[in-house]
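Quick note: the coordinates plus some simple rules give every number you see, no bench work behind them. The structure presented is a predicted model; accordingly, all values stated were derived computationally and were not measured. Counting neighbours? That spans all protein chains shown, and the Cβs are built from the backbone with ideal geometry, glycine included.
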Amino acid sequence: MRSNTDLIVLPEAEDDIRDIFKYTREVGGNTQADAYVDLIDSAFRRIQTFPEIGMVADETRPNLREYQLEHHLILYRREPGAVTILRVINPRRLRRSTRC
């Protein structure tokens with residue numbers, strides 16, 4: 001299914017994906033790292049097609065959503081005509097940092 005919604009991936013999210021790839025490659029090898037990055041990309045496309053799929057991450061900002069993907073949360077902002085991927089982060093790290 002093709003979406004009319006634009007998908008924007010912030011540089012911080014791209015950095016997160018690079019870090020996830022590096023870590024996964026170190027512990028599981030290239031094949032596993034490639035597969036996990038493909039899974040993240042598929043999740044981005046799912047979010048783009050179905051922007052309401054994620055849970056509201058902050059009641060005061062209902063357009064801020066989170067989507068659980070295996071060991072990571074994809075934080076994104078739903079906007080008219082676009083979905084912006086903010087971060088791809090381990091939930092343990094999220095507790096230590098400030099929300100987007």
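Miscellaneous remarks
- Only DSSP H runs of four or more residues enter the estimate; each adds -39500 (n - 2.57), and after division by the residues of the chain the mean residue ellipticity at 222 nm equals -14500 deg cm²/dmol.
- Viscosity 0.890 mPa s, temperature 25 °C, Stokes-Einstein D of the chain from Kirkwood C-alpha radius, µm²/s: 177 µm²/s
- Acute angle (nearest 10 degrees) that the helix 11-28 long axis makes with the longest principal axis of the chain, alpha-carbon atoms: 30 degrees
- Degrees between helix 30-49 axis and first principal axis of the chain (Cα, 0 to 90, nearest 10): 10 degrees
- When +1 charges are put on Lys and Arg Cβ atoms and -1 charges on Asp and Glu Cβ atoms, the dipole computed for the chain relative to its Cα centre reaches about 260 debye.
- Positive dipole terminus of segment 49-95, leading residue within V56, N90, L75 (C-beta point charges): N90
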